[in-house]
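The values are calculated or read from the model by the stated rules, or taken from the named source; none is laboratory data. What you see is a predicted model; the values in this text were computed from it and never measured. Here Cβ is always computed from backbone atoms with ideal geometry, including for glycine, and neighbour counts include all displayed protein chains. In case anyone asks, the SASA skips ligands and DNA or RNA and just uses the protein heavy atoms, side chains included. Shrake-Rupley method; radii C 1.70, N 1.55, O 1.52, S 1.80 Å.
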Amino acid sequence: MGMATTAYGELRGAEGRESRFRAPRYDAHRLFPRTPPKVRLRSGLHQLRNISMGGLALACNNAATEIPDVGELLDVSLQQSGLTIFESAARVCRREDSVFGATVALQFVDTFLEVSKLLSRNTQAQIAANSQNAAPATSLVSPEYRLFCADVLSVLRTYRDILSDTRIVAGESDCVFDPDSCYDACEARLLQQWRGLWYTGNDLVRGILNDRDVLQATKEFTERVLTPDLCLGPIWNRAYFKPLGYPGDFEVMNYLYSWKRAGADTYGALMHRLGLECAECVVTRMNMVQQKIAETVAVRRTRPARILSLGCGPAREVELYLSGRPELTGSVDFLLVDQEKKALLQANERAYPHLLRSGGRAQLQCLNISFTEILRSGSDLDKVAPQDLIYSVGLLDYLNDRRAAALTRRLYNSLAPGGLLIIGNMNDTAMNTLWPMELVADWSLHYRGEAQMLSWARGLQPNMAWTEVEATGHVRLLFIHKPSQPA
């Protein structure tokens, strides 16, 4: 009995938009799962987002300069470990700006990229970087920092090897490998060692921040040597590869708020724990905001308290406030503002059961607008009713001083008389998160002290302005209280 056949004329191709064939576009994270090459434009190195035979897309962080405009023709190259693995003339076909930086799409001119050859060259460059004839850029990395990275890697790999050996011995001895007990045995000691290494890293990096070439070479070295191991922890992985285009997205916040073990194995879970340790300040600053929410609702009697969160993410503080009060003694209207629809959807879903239980005493609305739009006057943010409490604790440390001061002024003007504005920013202190965030996770932020943040309140005629730090000391919060009556 012969096999059934299909006539050639019966074969169907794609339909609609799918009928327009496009060369495959590869996500950089999947194509280069450990150490993606960097994109060089002019004098800057940027993160590769995706690539195809005819072009690529890259992300420039908020500290980048010389970002090209649409239509501009320029030279572009891919560099791995300081070595060029592909280069071409390219034209900018798209640019999308945000407060976190810019995404730029380039189309190659008069050439094309062969992915198989690129992968081979990428491997060769990594091998060359690990040989005695290291890439020229590596020579800019100080011997002290190289030795430091070797010490960090030695500590991490010691735990990896112990866990691996334990698993092997358990298997050979017909014993059950208990990942939880192994994790518990490692956690406290590893954290103690990590904190010491972290602060040493801060000391070594602080002196090179104003030398762009040395800083870039040191970052590349760190990303090549340390980042792959730490990225076995999901929180590092998401922050470094930035699937939404910036590191501190709402899923990174969820890792911190849930504070659960995560990772493909025990070693990955320990790496994840180190990431939680670095960003614990996200939780402690949220706890401070939650307390201010409670105080604001408690004192408002004549109408519902109006509370606005800018860059709300998953808005865990709102969920926790509502869940901790089976019966509200006051009433409150929350307005959550974020550029990510998924973040707003999640925040709304988690708050919804508590909103129903409140019997109408708690209301929640969501506003989905880009942070770039928020910075423009005349946006929907200017149309909201005067608020009793406005807080933005994870956005302004991506902005330069001029933009941060301007946004502070606009938020202050949106306060009702007697209202309170809370602005959070990473603290400029010797024990801040500079080394793990900037060097390991490519997470660029502006670190600021009290005087710098208080300067944003100048000219606002507030009733009072002051700063506080949360429990870890890594985040400084600026409080600006608006007078109850106009001056």
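Select from the stretch 250-287 the residues that are without any contact (Cβ under 8 Å) to a residue 40 or more places away in the chain and more than 18 Å from the chain's Cα centre (by Cα) and write down the one among them that is surrounded by the most Cβ atoms within 10 Å (Cβ to Cβ).
So the residue we want is 268.
Name the residues in the stretch 456-470 that are hydrophobic (A, V, I, L, M, F, W, C) and crowded, with 19+ Cβ neighbours inside 10 Å, would you?
Quick first cut of the stretch 456-470, residues hydrophobic (A, V, I, L, M, F, W, C) only: 456-457, 460, 464-466, 469.
Within the stretch 456-470, 456, 457 qualify.
Looking only at the stretch 53-84, which residues are in a strand (DSSP E or B) and open to solvent by 10 Å² or more (accessible area, probe 1.4 Å)? It would help to see each step written out before you state the result.
Narrowing the stretch 53-84 to residues in a strand (DSSP E or B): 55-61, 73-80, 83-84.
Answer for the stretch 53-84, where residues must be in a strand (DSSP E or B) and open to solvent by 10 Å² or more (accessible area, probe 1.4 Å): 59, 61, 73, 74, 75, 77, 79, 83, 84.
Specify which of the listed residues (245, 171, 233, 196) is out of contact with any helix residue (DSSP H, G or I) (no Cβ under 9 Å at 6 or more places or on another chain) and closer than 30 Å to residue 343 by Cα.
On the way: 171 fails: closer than 30 Å to residue 343 by Cα; 233 fails: out of contact with any helix residue (DSSP H, G or I) (no Cβ under 9 Å at 6 or more places or on another chain); 196 fails: closer than 30 Å to residue 343 by Cα.
Result of the check over 245, 171, 233, 196: 245.
How about the stretch 204-223: which of its residues are open to solvent by 40 Å² or more (accessible area, probe 1.4 Å), in contact (Cβ under 8 Å) with a residue 60 or more places away in the chain and closer than 15 Å to residue 139 by Cβ?
Listed by number, the residues that qualify are 213, 216.
Going through the stretch 96-122 one residue at a time, which ones are open to solvent by 70 Å² or more (accessible area, probe 1.4 Å) and within 28 Å of the chain's Cα centre (by Cα)?
So the first thing to find is which residues in the stretch 96-122 are open to solvent by 70 Å² or more (accessible area, probe 1.4 Å), and the list is 96-97, 107, 110, 112, 114, 116-117, 121.
Those that are open to solvent by 70 Å² or more (accessible area, probe 1.4 Å) and within 28 Å of the chain's Cα centre (by Cα): 96, 97, 107.
Determine which single condition residue 372 fails, assuming it passes every other condition in (1) among the β-branched types (Val, Ile, Thr); (2) within 25 Å of residue 243 (Cβ to Cβ); (3) touching a helix residue (DSSP H, G or I) at 6+ places or on another chain (Cβ under 7 Å).
(3)
Tally time: how many residues in the stretch 43-52 are more than 22 Å from the chain's Cα centre (by Cα) and open to solvent by 20 Å² or more (accessible area, probe 1.4 Å)?
1
Of all residues in the stretch 353-378, how many are under 17 Å from residue 98 (Cα atoms) and among the basic types (Lys, Arg)?
The total comes to 1.
Per-residue answers, yes or no, for (1) of a type in the set (Gly, Ala, Ser); (2) open to solvent by 10 Å² or more (accessible area, probe 1.4 Å); (3) touching a Cys at 6+ places or on another chain (Cβ under 9 Å):
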position: 396; (1), (2), (3): no, no, no
position: 413; (1), (2), (3): no, yes, no
position: 428; (1), (2), (3): no, yes, no
position: 436; (1), (2), (3): no, no, yes
position: 454; (1), (2), (3): no, yes, no
position: 472; (1), (2), (3): no, yes, yes
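Applying the selection to the stretch 379-394, what residues are part of a helix (DSSP H, G or I) and either open to solvent by 10 Å² or more (accessible area, probe 1.4 Å) or among the acidic types (Asp, Glu) (or both)?
Narrowing the stretch 379-394 to residues part of a helix (DSSP H, G or I): 380-383.
Hits for the stretch 379-394 are 380, 382, 383.
State whether one or more residues within the stretch 102-121 are farther than 30 Å from residue 25 by Cα and of a type outside the set (S, T, N, Q).
To start, the set of residues in the stretch 102-121 that are farther than 30 Å from residue 25 by Cα comprises none.
There is no residue in the stretch 102-121 that is farther than 30 Å from residue 25 by Cα and of a type outside the set (S, T, N, Q).
Regarding residue 306, is this residue of a type in the set (Lys, Arg), within 18 Å of residue 482 (Cα to Cα) and not in a helix (DSSP H, G or I)? Can you show your working first?
Numbers: of a type in the set (Lys, Arg): yes; within 18 Å of residue 482 (Cα to Cα): yes; not in a helix (DSSP H, G or I): yes.
So residue 306 passes the test.
How about the stretch 398-411: which of its residues are open to solvent by 10 Å² or more (accessible area, probe 1.4 Å) and in contact (Cβ under 8 Å) with a residue 40 or more places away in the chain? Show your work before the answer.
Narrowing the stretch 398-411 to residues open to solvent by 10 Å² or more (accessible area, probe 1.4 Å): 398, 400-403, 405-406, 409-410.
Within the stretch 398-411, 398, 400, 401, 403, 405, 409 qualify.
Scan (1) over 15 Å from residue 394 (Cβ atoms); (2) assigned to a loop (DSSP other than H, G, I, E, B) for the single condition residue 269 breaks and write down its number.
Every listed condition holds for residue 269 apart from (2).
Considering only the stretch 438-452, state which residues are surrounded by fewer than 19 Cβ atoms within 10 Å (Cβ to Cβ), over 30 Å from residue 34 (Cα atoms) and in contact (Cβ under 8 Å) with a residue 40 or more places away in the chain.
Step one: of the stretch 438-452, the residues surrounded by fewer than 19 Cβ atoms within 10 Å (Cβ to Cβ) are 444, 446, 449-452.
With the extra rule that they be over 30 Å from residue 34 (Cα atoms), the set shrinks to 449-452.
Across the stretch 438-452, the qualifying residue is only 452.
Before we move on, is residue 367 aliphatic (A, V, I, L, M), part of a helix (DSSP H, G or I) and out of contact with any Leu (no Cβ under 6 Å at 6 or more places or on another chain)?
Working: aliphatic (A, V, I, L, M): yes; part of a helix (DSSP H, G or I): no; out of contact with any Leu (no Cβ under 6 Å at 6 or more places or on another chain): yes.
Here the answer is no, as residue 367 does not meet what is asked.
List every residue pair whose Cβ atoms lie under 6 Å apart, where the two residues are 6 or more positions apart in sequence or sit on different chains, the first residue falls within the stretch 342-360 and is over 21 Å from residue 303 (Cα atoms) and acidic (Asp, Glu), and the second residue, located anywhere, is surrounded by fewer than 17 Cβ atoms within 10 Å (Cβ to Cβ) and at pLDDT 95 or above.
Listed by first residue and then by second, the contacts come to nothing, as the list is empty.
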